[in-house]
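Trainee: The structure that follows is given in the form of structure tokens.
The values are calculated or read from the model by the stated rules, or taken from the named source; none is laboratory data. Small disclaimer: the values here were computed from a predicted structure and weren't measured. Cβ: placed from backbone, ideal geometry, glycine included. Neighbour counts: every protein chain shown. Please note that ligands, DNA and RNA were not included when accessible areas were found on the heavy atoms of the full protein model with its side chains. Shrake-Rupley method; radii C 1.70, N 1.55, O 1.52, S 1.80 Å.
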Amino acid sequence: MSYGSHGFISFAARSIRYRLNNLPLFQKILFIVLNNVFLIMVLSLFGLRLYTGAYNELLYKTTAGNLTHSAYTISDSLKSIENVSSTILAAPEIQISLSAIAELNDRAAWTNANRVIINSLQTYHSSVKDNGASFLMIQNEHFHNSTYTMWKSKLSEERLQEAIEVAEQKKGAVVWIPADPGSNALLMSREIRKVDNLSLKHLGTLVVYVDLNNIIRKANAAATQYSDSQYILCSKDQKIYVPEEFSDSLADKIISSSSEKYQTLKLDSHTYFTVHNTIPGYGLEYYSLVSYDEIIHTLHTSAAFILFILFAGVVLIVFISYCLIRSILKHFKILLKKMDKCSCAVK
């Protein structure tokens, strides 16, 4: 600090001290009261800021935890489909029927085997229908046996062939791939191999068409506090599920803007709380969104109300202090007058 700056500050301090020393008693007392009020108000605002920050952090974590719970619901639904698929692969009626189709050149035997396969698939489908399985299909060299006769309206031949090829490469392991673009669906496929005498001969391929709309509705129902939440599911750089309410450009914006595990995003004049994570056990990235407008409005209204109370309290304190100081000084003046009279009488 230069000598000139130091001298100016010293002069200003002396000037302020001189003015304060020469203030009337009433203004001095009022100045002391106002200083204390100002200090209390600053500390109150600082405490409010700390409290609001801690509350928001707790609210974020609670909301994120509730939305993450729905991701486990999705994971459980997919896992239940996998468990049923394991039962189908080992089911005796499926093994015998597919073996008959592969080894016999008998139309009557084929017809009977297809009937058994369809009936069995219908039974298994009823156990996973609530978990999002739209239809089940077993494909072999001769037939497509499906629980939904109009399956071609939902699934293209190209995507079905891709599911079959990747399943054969995995030799019986579970494979998940996206269904056709824009379908909001997944395909689970598994190669069916002959287990009799550990032959492991290829018999066919099980394909399950999973409608993600049903699964996500179920996940939202599980998170009852946030039943209006929305999901975006991605596999690497490919979007698998996008809600009807969101355009592709809006979905891309959400994906590119979600840099944290949980945060708030401002999109099209609306605020959303987003959670970005992966579906446990499947590696699918999800972006879970819930409207934050009502919460923001409530927080802002509460903050405005608290600030109004603080301001009203300051005004009330100043007014009461002003009246009390005037009352005290009035008594001082009366006392001084009496003292003056006494001193005059003595003289």
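Trainee: I'm trying to understand the selection: among the residues of the range 229-248, which are assigned to a strand (DSSP E or B) and aromatic (F, W, Y)?
Mentor: First, the residues of the range 229-248 that are assigned to a strand (DSSP E or B): 230-235, 238-241.
Those that are assigned to a strand (DSSP E or B) and aromatic (F, W, Y): Y231, Y241.
Trainee: Next question. If you scan the range 119-145, which residues turn out to be surrounded by fewer than 18 Cβ atoms within 10 Å (Cβ to Cβ) and not small (G, A, S)?
Mentor: N119, Q122, T123, K129, D130, E141, H142, F143, H144
Trainee: Hey, another quick one. Tell me yes or no: at least one residue of the range 285-303 is assigned to a helix (DSSP H, G or I) and of a type in the set (D, E). Let's see the steps before the verdict.
Mentor: First, pick out the residues of the range 285-303 that are assigned to a helix (DSSP H, G or I): 293-303.
Retained after the next criterion (residues that are of a type in the set (D, E)): 293-294.
The answer is yes, given that some residue of the range 285-303 is assigned to a helix (DSSP H, G or I) and of a type in the set (D, E).
Trainee: Would you check if there is a residue in the range 263-275 being touching a residue at least 24 places away in the same chain (Cβ under 8 Å) and under 30 Å from Q169 (Cβ atoms)?
Mentor: no
Trainee: Considering each residue of the range 152-188, count those that are open to solvent by less than 20 Å² (accessible area, probe 1.4 Å), within 30 Å of E245 (Cα to Cα), touching a helix residue (DSSP H, G or I) at 6+ places or on another chain (Cβ under 8 Å) and not β-branched (V, I, T), and give that number.
Mentor: Count: 5.
Trainee: In addition: Please enumerate the residues belonging to the range 234-283 that are open to solvent by less than 60 Å² (accessible area, probe 1.4 Å), small (G, A, S) and under 15 Å from the mean Cα position of the chain (by Cα).
Mentor: Listed by number, the residues that qualify are A251, S257, S258.
Trainee: Report, ordered by the first and then the second residue, all pairs with beta carbons closer than 6 Å, sequence separation of six or more or different chains, a first member in the range 56-77 that is in a helix (DSSP H, G or I), and a second member that is hydrophobic (A, V, I, L, M, F, W, C) and open to solvent by 40 Å² or more (accessible area, probe 1.4 Å).
Mentor: Partner pairs satisfying both residue conditions: S70/A222; T73/A222.
Trainee: While we're looking at this one, here's another question. When only residues in the range 284-330 that are among the small types (G, A, S) and touching a residue at least 60 places away in the same chain (Cβ under 8 Å) count, which is least open to solvent (accessible area, probe 1.4 Å)? Steps first, answer last, please.
Mentor: Initially, the range 284-330 is screened for residues among the small types (G, A, S), giving 288, 291, 302-304, 312-313, 321, 327.
Next, from what is left, pick out any that are touching a residue at least 60 places away in the same chain (Cβ under 8 Å): 288, 291, 303, 321.
Numbers: S288: 0, S291: 49, A303: 43, S321: 20 Å².
Per the criteria, the residue is S288.
Trainee: Name the residues in the range 193-223 that are of a type in the set (S, T, Y) and without any contact (Cβ under 8 Å) to a residue 60 or more places away in the chain, would you? Let's see the steps before the verdict.
Mentor: At the first step, the residues of the range 193-223 found to be of a type in the set (S, T, Y) are 199, 205, 209.
S199 - this is the single residue of the range 193-223 that is of a type in the set (S, T, Y) and without any contact (Cβ under 8 Å) to a residue 60 or more places away in the chain.
Conditions (1) open to solvent by 70 Å² or more (accessible area, probe 1.4 Å); (2) out of contact with any Gly (no Cβ under 6 Å at 6 or more places or on another chain); (3) of a type in the set (S, T, N, Q); (4) more than 30 Å from C234 (Cα to Cα), marked per residue:
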site: F26; (1), (2), (3), (4): no, yes, no, yes
site: F31; (1), (2), (3), (4): yes, yes, no, yes
site: Y60; (1), (2), (3), (4): no, yes, no, no
site: A64; (1), (2), (3), (4): no, yes, no, no
site: P92; (1), (2), (3), (4): yes, yes, no, yes
site: R107; (1), (2), (3), (4): yes, yes, no, yes
